[in-house]
Every structure is written in C-alpha cells, then in structure tokens.
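The values are calculated or read from the model by the stated rules, or taken from the named source; none is laboratory data. If you're wondering where the values come from, they're calculated on a predicted model, not measured in any experiment. Note: ideal-geometry Cβ built from the backbone for every residue, glycine included; neighbour counts use all protein chains shown.
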Amino acid sequence: MAGDERRDEDEEVELASFDFVHEAELARGFLEDAGIPAGVVADPAGQIQFGRGFSSRPRLLVRREDLEEARSLLRELGSLEGGDARAEDSSSEVLKASPFRPDLLEGRVALVTGGGTGIGRGISLWLAAHGADLILASRNRDHLEPAAEEIRALGRTALVRPVDVRDPERVHEVVREAADELGGLHIVVNNAAGNFLARAEELSVGGWRAVVEIVLDGTFHVCRAAFEPLRDSGGGAVVNITTTYVETGAAFMSHSGAAKAGVLNLTRSLAAEWGPHGIRVNAVAPGLVEGTEGARRLVESVGRLSEFEASVPLGRLARPADVAGAVLFLASPAGAHISGAHLVVDGGESVGGKFSLPEAD
Ligand code: COA
C-alpha cells in the first residue's frame, strides 16, 4: 500500500488553468524558483485565442504532494502581481495577447481619462500597442507617469495631463492643447469614475454630487471639449465606460447607477447628433474587473469576491485586457459602422449570473 501511496503522491494534478500560455509559464517559473517542479500543458498552437472554449486553456500541473504548497505560492504570486500588473496587461505582452493587427491605430491620437490605473491603464496600453499616441488625463499625475513610461517604452508618445474632469474650463484647455500638440484627436475614452458603497438614505448631498459630477458631468465636459478636434481630424470615435447595472440599478450604488445610466443616454444622444460629423459614440459596460479599485471598493470590501466570481458564467472576473479589447474594436475601423452601441464585457454575469440550473447528471 505504501508503494501505491507513493505513486499517488507523484501523480501530476492540475493546479490552475489560464487564458494565455505566458500566464501559465510565468506561474510555472515562480513555482520552480521556489523549488516546486511544475509543467504547463497547452494546445499545439501555444496560444489561446479570444472566445475559445475552456477545454483548451493552458493548464499548470504539479505533483500531488506539492499541491497545497503550490496553491499558497500561487496565491502569493497573485497578490504580488496585483490586477494592474498582470502579465497580459504589461506593455511587452499586449501584442502577444491581442488578436488585432499591431498597426490598427497607426497615426491615431487617443485621449483616455483615468488612463493611469486599472481599466484605464489597460485601455491606454492596448491603444498604444496598436499604434496610437496617447493623452493620459486624470487628477493624480503620480498615477499617470508610470503608465506614460510604459507607453513611451512602446515607442509611442504619451502626454500626461493632470485634470479633474469636473472642471469644464480645465478640461477644455487640456483637450484642445494636447490635440494641437499631437496634431489632432481621433479617439476619446471616458473612463474616469468615482464610486463607493452607500445606503441611499445615508448618502450625503456631497457624496451624490461628487460621483454624479465625475461620472456624468465629467463625461459631458470631455465630449464637448473633444467635439471640434474630433470633427476637424476627419471624424473619430468616443467610447464611454459605463457599467453592467445601468439597465437594472444596483443596491448601494444609486449615485453611480444613475450617473452611468445618464452616460449611456448621453452616448446614444451624441451618436445621433454627431454621426453626421463622422463621430461615432459607443459605450462599453465592464462587469467587475479584477485587481481594480472598483473591485476592491464594491465587492472585495464586503468579502463577496469569490461568490461574485463563481456566479460569472464564463468562470472568472473581467480583466483590463478584456475591456481594452472591446474598446479597441469599437474605436478602430472594425467598428466603422457602429455607433450608439452598448457592449457588455462581463463574462455573461449580467444575463446569467443570478441563478444557475442544477448540474447535469
Ligand atoms: N461613503 C460615503 N460617503 C463618501 C464616501 C464613502 N465611502 N467617500 C466619500 N464620500 C462623500 C464625502 O463624505 C463627501 O461628502 P460631503 O461633502 O457631504 O462630506 C463627498 O463624498 C465627497 O468626498 P471627497 O472625498 O471630498 O470627494 P473627492 O472629490 O475627493 O472624491 C470620490 C470623489 C468620493 C468619488 C472618491 O471616492 C474618489 O476620488 N474616487 C476615485 C476612485 C474611485 O472611486 N474608483 C472606483 C471607480 S468604480
């Protein structure tokens, strides 16, 4: 029996599966550095494409006897990396993970608000990795500089412009000057946002106002300031980041839900109004995006992250790269005839996450 147990211990078991081979390889290297032998099993193409089934996801295998230790090391790797620093989002890895042509946005200039962290950073890197020059705008210069450096490392221009989107004059000044400096403006991504959990009956007027002014007023200010440079650059694309609960509402997020619903309506109104000027206006609604301030504030803070993740039909939270891919699609010639659309990127959570059928026998 002892021999059988030994064989059991030696048996290789699955520790985790990944979307991309390089993620699995990164984890394998980390484990091997810690003295745990591990192997990656991937499909022959060596790269999983967007939209492919889970059956061919790269898998990381370890010996059964190492399973527990490997699990805790992997958790450590996850917290060391943090969502923002995930391998598939780093500038050098974007193109490997991307299904788009590297020159898709060659010669384009893009403005991303809140472009230094989380989803905004992911979007900025993806736009830059596909040829765009970037204007990064948000309140905190310290948040923008590291992302700008990553973009410059890709050989693209990145202007850093501290701005509070609630200040229409400053927004106007920044958008016009930066567009002049870079020779035009073709893509605008309204990503800057503010949110926190609060009971509506306890939410102060100041709290309501802060969120509505950042999300709804801020999006309007940026769109208004960008209109002329977009039109004068021969047309362009605006992508507004909304959220999955714009259609349903969400408890403890009345301020954010109302503001984002306003952004969706603004998106559609501007699509109708600015189409004749060659300006397309669309929205992307991410579900919960891992590693972001939003995920921390809204779900992780109340200890519900794994429960939320388990309810996503595609089995995981969204990642900045998932949202960035949708933005790139809408902003690029691939979306040339799409305007007024609301593209949900949530792994099916908003349509299938509320309940699940009993498991098949
Ligand atoms: N719960 C309840 N009220 C809150 C709050 C919270 N967690 N955080 C802020 N507020 C209230 C404040 O009390 C204040 O109200 P008052 O004027 O009635 O006192 C009001 O919101 C403004 O707060 P302040 O910190 O001065 O605002 P700000 O303009 O500096 O920041 C926020 C705006 C509140 C949205 C802030 O959380 C922020 O900067 N967020 C950016 C990042 C973010 O939210 N990311 C998640 C995106 S999903």
Out of ARG161, ARG166, ARG152, ARG199, sole residue that is in contact (Cβ under 8 Å) with a residue 24 or more places away in the chain, charged (D, E, K, R), more than 16 Å from the ligand (Cβ to nearest atom) and out of contact with any Lys or Arg (no Cβ under 7 Å at 6 or more places or on another chain): ARG161
Condition (residue is in contact (Cβ under 8 Å) with a residue 60 or more places away in the chain and either more than 16 Å from the ligand (Cβ to nearest atom) or on the phi > 0 side of the Ramachandran plot (or both)) applied to the range 234-245: is it met by at least one residue? yes
So in the range 89-130, with the set limited to residues that are in contact with a His (Cβ under 9 Å, 6 or more places away or on another chain) and of a type in the set (S, T, N, Q), which one is surrounded by the fewest Cβ atoms within 10 Å (Cβ to Cβ)? SER98
Determine whether the range 182-195 contains at least one residue that is assigned to a helix (DSSP H, G or I), in contact with a helix residue (DSSP H, G or I) (Cβ under 9 Å, 6 or more places away or on another chain) and away from the ligand (no atom under 16 Å from the Cβ). no
ALA137 passes all but one of (1) in a helix (DSSP H, G or I); (2) surrounded by 24 or more Cβ atoms within 10 Å (Cβ to Cβ); which number fails? (1)
Unmet criterion (only one of (1) surrounded by fewer than 19 Cβ atoms within 10 Å (Cβ to Cβ); (2) within 16 Å of the ligand (Cβ to nearest atom)) for VAL212: (1)
Determine the pairs where a residue that is farther than 16 Å from SER72 by Cβ, located within the range 12-37, has a partner that is at pLDDT below 80 and in a helix (DSSP H, G or I) with Cβ atoms under 7 Å apart, the partner being 6 or more residues away or on another chain. PHE18/ALA24; PHE20/GLU88; HIS22/ALA87; HIS22/GLU93; HIS22/LYS96; GLU23/ALA87; GLU23/GLU88; LEU26/ALA87
Show me the helices (runs of 4 or more DSSP H) found entirely inside the range 254-360 where at least 1 residues are away from the ligand (no atom under 16 Å from the Cβ) and under 17 Å from GLY120 (Cα atoms). 320-331
May I ask you to list pairs of residues, at least six apart or on different chains, whose Cβ atoms are under 6 Å apart, with the first in the range 293-307 being farther than 15 Å from PHE252 by Cα and the second being in a helix (DSSP H, G or I) and within 11 Å of the ligand (Cβ to nearest atom)? GLU293/GLY118
Has the range 69-82 got any residue that is modelled with pLDDT under 85, closer than 30 Å to ARG141 by Cβ and either assigned to a loop (DSSP other than H, G, I, E, B) or among the β-branched types (Val, Ile, Thr) (or both)? yes
